[in-house]
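A short write-up of the structure that comes next.
The values are calculated or read from the model by the stated rules, or taken from the named source; none is laboratory data. Only a predicted model underlies this, so the values are computations on that prediction, with no experimental measurement involved. With ligands, DNA and RNA removed, areas are computed over all heavy atoms of the protein, side chains included. Shrake-Rupley method; radii C 1.70, N 1.55, O 1.52, S 1.80 Å.
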Amino acid sequence: MELRGYTVNILVLLLVSLTRNDDRIDLGLYANKVVSYGVPTPLVVTMSGYPKSELRLRVSSSRYLVAQWIVGPNTEPPMKPLFQKTDNIAKELRRLHIVPSVNLSYERGYFAELNATFWQSSNIRLTLGGLYSVKSQSGLNPIARTTFLTMNISRDVCIPHAEDEACFHPNTPMEFSVMYGCEIEINLLNNCGMDTNNITWIVMDLAETKKLKTFHHQTLGLTLEPYALRFPNESGPYRNQYVMQISGDSGGRIFVARCYLKALAEAVQAIISGGIVRNVHEEEEIYMDGSPSRDYAKQPDEKQFNVYNWTCRSNDVHNAMCNGRIWTQATFLIPGKSFAVGNKYEFSLSVASDIHPHQISRAHQVLLIVEFKTLQVEVTCVKNCESNAYDPEETVHMAVQCRNCGSYKPKYAWYLDGYAASQTKDLRMRLQTNNEVSKVVLRAITADFRIGTKVHLLTARQSPIYSCRITPTTGTEVITKFNACCWKFNAKVKLFFVYADDVLIHECVYCYRPVYLPNNVTNLMALICERDWKCTKIHMPLVTVHSMGDIPTKSSNDLWTYIKETQARYFNVNDRLRFMAVAQAVANVIREPKTALTLIKAFGEFHPRSLITLSLLAKFTKTLAINLTPINDINLLVMIECLSKLNENFEIVTDTNDARHLLQMPYLNMTIELIKISNFMTAINRDIEPPAKSIFDQYNQAVKDKKLQQPVIDDLLEEISQIDSELVKEHSERWVRSLWQTERLCRFLSSARKHGADSDDTAGGLIDTMTLVVRCMLFKPGLEYAIDTNDARHTVYLSTELLDELKDPLTNKVCIKIISKIRRLNWWYPEERQPSNKLLTVHAYKTGYEFQEELQLHNSYISFRTVNDRFKPALNIPKNQEIDSIFQQLDLDTSRSYGQQIEGKSRSIATASQDESDNDNIIAETGTCGRCLQYGQLNTKMQLLAYRMQLQQGSMVAVLFKNTTHRLKLLLVMKNLPTNLVSAIADSECSVPAHSTNTTMVLRNKCTEPERVYLVIRLFGDDESDGPIPGGPANFSFVFQVRCCDYWKQSKQHWQHINCLPGLQYPRQGYIYCNCSVLGTFSSFVYYVPAIAMPIDITKDILFNWVVLSVYIIALLGTFIVLVLLFRYHNHQPSKTIACDMTDLEEASDRDVHDLLIYLRTGYRDNAMTTATVRTGGGICQPGAGNWRGTGIYDTMTRAQRVCIFLNKLIITYTVCACVWAPGKHEVAYQDTIYFNYRSFLLMVIISLILTNLAQYILESLLLLSH
């Protein structure tokens, strides 16, 4: 629907009398009473006579500059609109179809035609103003009159209405720097359904007759790049002023707003290469270079000046090469031998802006002609010496480059006001002298005696005196628009930044746009910076900012209702600064993640695009991170959404090249805060639950191949959406999104980090940090205390017995120091059993005590609980997400106060619970354990399923049932299974309800060695008959979760389980409880282990079979008797042995006496070979016994006899082992033995030795009887 039919009633009659001496000029402005909305309307300006001096005319309303031009005899070229002479002004009005509402004051005169297009629906006050130059008087005499115009338009038509901005008024154009660019943003109070993402921005000249640049498909904010708007080269007093038309159209609804811009004049600087003094050899060609001179209204690669004005003067008055010569080019060459030795030649360079001729800069250089050859050294300003000016509070850095040193390495010497300052190549020092101008001289000399000298005069910058104020002095957050403004600027461009509590909230050139201050602001500061980022800090007086009132944050529904109701006023996404102000106000009071997610939902149509919104988003994210600590799964979703908006904003400022300013002083605080957030999220990502293995591997591979980009993430998220398990799907999506958004932020900040911006902090998040709490209590029998650490991660419970043991016997007072630390620790434990990085230290306070040794408790114990919902055991994550350990010096809160008193507080001990609030997460992929979630199915009513796991000493196992289809009966025992499992599980009182998703049983191992834990499951019921289960098979799933509490043994530098046990209180809201009999440093952690299924036959009793035993005994005795009979009667020797006693043959012999044993062996057949063997017996005479030692039974045993004895001993040993090691019970029949039983082994050895030696004795005795 067009608006052409809607009319505007205008009453126009403006007469202005301009008097110069006796001359009188009457001015008039005429227009129709009725004009159409958005349609060009003719206007006529009349003059009764032509001015003889300069006359400046201006036709404008409060928000529309119709025309502004100069009329006069010396205006060349004439400015439009041109005045034409006429004898009948009424005729000209009729030609233009203008019906004047009043009679004309004159018919003869001059007239100029104008066209005006009105885009506003409110009443208009149109003004014709004139400034007349009077030669007899200095300056201009202003004369002006005002006429009110009434605009009528139908109320049924919705026209988008923008919030009033300073640049909407022609008298207050938005001033901007050409070399810096600018940002323009408008806020719509109502958009009437217009598409705010399809806005057209058109830059036009001030008369709106020429389009200079068009930006299509934009939003309500536009960023103008540096040098995007250049000064037009044509002449005229208004050539640096522009009109920005912002237009949109949706369904016939037209919206046009005008924003007036004024480009500020940039400085020019004349620079002559080589410094102010140069030593030149008489035979050298002299190269004069003024090309480094700058007009800062132009880009460096453009031609800076059309004309370079060089002049020269010298005491060598007859030298025609210098005196009287003028050069106009940027560089020129003077031949060698043009100047005489011993003379000075001073060259001057003057440059002027092509656009503003009054912008002039001059530079000088003195040439000293010497006989010796010189070094061509160049001094470059690196820092704090730009434009030959320096800040006394900062370090001056000047670098040197030698152009003709060759292979020689020169020696350098710097002098400050005649005094030696440094002998380094580069100068780095603070220039703090009493002189406003300091003379810095560099002298360089090489081994071949060439010398180079450079002189620079540096002027100390005087800190400008600015006056700043903020109005009003009292207001309400979000509602009140405060105006922060500074004045007493000089002519140079100034950028103005406003900070509230070190958070950048506003920037502009000078001061125009309002700011919104937070509640209870404690520090207001302004930063005023020049074009070279030299800034002056000014503290502004504080103002009183009240809270905007109660914000409903108790429930998500209440908050969302509040957001929708206040959307037009506060949560208007087009008013970005107010939107961020109200979002920050809500974030300050949010403590629950669900309400935080509701607040984040309001950001759906909010599109931040500037460095200011980036700063405000960083503050917003940091506030939520602190308020929602500790970070669990749902809190992590909030952080991911905040990071997404941060990265959206960061991407825009990177595309618009604004990110290049991150290291400049005004934005440095913001950059550090962003790095803190990056550190916080990187540390969170170390311990986040991992995704499905395929997702994990693809992400890592993309990182390794350097192909991690948004399309890869989109593919991963699409694959995750196909996962059947909702739990794995949620964890995988969180993992991918969190790591990717953190990676994006790290990439955006990589340049800032590379150039030195960094921080060990984590934006207030509880990562790698420390808090200290000191609490003093009075001991009273029966009272207990609970003390929460400042980071909300631990709660320490102090029992009456503990306080009694620790109290001061004189004062009855107890002081406790509690330190909560989070460190990145390199544990030697297996990966799935790494202790948490959350450490708790508790000690009784004594002056000078440094907590070096733990304190043993004798009559009491200390209890504490620790949040265990986020920082899980170490998991492998992509290497590019890893950061070094963070160690920092922290401010500790050492305030003392009495602890929270608990009267009559009891802590129940439970062995089974059903906790709907448990936040512990069971996933399919966890550490190196693989799939820890165990699935099972019962098919009959009497079927038993059994599982086992190994429980370490001092640990507790929690059996977490995540899903059941039927009610189950459970038996959870440690060490040994009962003999009769059916009876034992029937007597058990533990059960799991049907359709349970969070039932838990706990069992603690207080022994000093690991023990086995057995879990037996059957269908719940009293019916002992077997059969199918009603309702189908009973399905279930569970996992073994192990909880451990350790303390640090200082003397052994090791973590120990002794003296610390997990509490039987099953955690609610993700806590783990510990009870310790020492005071020291504690760590508690949780990990999951897979269940080992037991054989199904374990449910059947082992029967004793007498038949099998009888057969075994009969076979064993029969084998023994057969061996004895064979050994005794059917094992004769096949040879004859003859023993010759030699002792009676030679009684008087003094030689050694030996027995001779002669073995005769004869075959069994006739004519068989007969052999003999003679053996000397080494017998020793034993007079008492009457025989010789060494003649035993083995000398006469055959090989078969020896084998027979060995077999008998082997059978006996096997029988003993079977009887000792394999009794008929479940542990032996169905379990693998993992521990060596020394008692059984000793019993087996003793019995075996006795029986085998007895058997050998019997057999040898039978052998002796045969001889």
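Taking amide H positions as placed in the peptide plane 1.01 Å from N, state which residues far from LEU517 in sequence (5 or more) or on other chains have amide H under 5 Å from it.
For LEU517, whose amide H was placed from the backbone, the distant partners under 5 Å are VAL478, PHE482.
Using only the Cα atoms of the stretch 336-387, construct the convex hull and provide its projected area averaged over every direction, in square nanometres to one decimal.
Spelled out: convex hull of the Cα atoms, projected over all directions, averaged, 6.0 nm².
Hey, how many Å between the Cα centroid of the stretch 719-736 and the Cα centroid of the stretch 562-619?
Distance between centres, Cα-based: 29 Å.
Using amide H atoms built in the peptide plane, which far-off residues or other-chain residues are under 5 Å from PHE606 H to H?
Long-range HN contacts for PHE606: none found.
Report Rg(Cα)/(2.2 N^0.38 Å) for the stretch 268-460, keeping two decimals.
1.06
Give the accessible area for PHE1206 in Å² (nearest 10); use a 1.4 Å probe, count only protein heavy atoms, and leave out ligands, DNA and RNA.
Here the accessible area works out near 120 Å².
Ignoring ligands, DNA and RNA, what accessible area per residue does the stretch 620-765 give at 1.4 Å, in Å²?
38 Å²
How much accessible surface area, in Å² rounded to 10, belongs to the heavy atoms of LYS439 with a 1.4 Å probe?
100 Å²
What are the ³J(HN,Hα) couplings of the stretch 1013-1027, residue after residue, when phi is run through the Karplus curve with 6.51, -1.76, 1.60 and θ = phi - 60°? Round to Hz, x for glycine and proline.
10, 10, 10, 10, 10, 8, 6, 6, x, 9, 6, 8, 7, 8, x
Rounded to the nearest percent, how much of the accessible area of the stretch 194-302 (1.4 Å probe, protein heavy atoms only) is carbon and sulfur?
Carbon and sulfur atoms account for 45 percent of the accessible area of the stretch 194-302.
With the alpha-carbon atoms as the only input, what is the per residue convex hull volume for the stretch 620-765 in Å³?
Hull volume normalised by residue count: 112 Å³.
If amide H atoms are built 1.01 Å from N in the plane of the peptide, which residues on other chains or at least 5 residues away come under 5 Å of the amide H of LYS1049?
Amide H neighbours of LYS1049: HIS1054, TRP1055, GLN1056.
Please list, in order along the stretch 373-388, the HN-Hα scalar couplings obtained from phi with the Karplus expression 6.51 cos²θ - 1.76 cosθ + 1.60 (θ = phi - 60°), rounded to whole Hz, x for Gly and Pro.
6, 10, 8, 8, 10, 10, 10, 10, 7, 9, 7, 6, 8, 4, 6, 6
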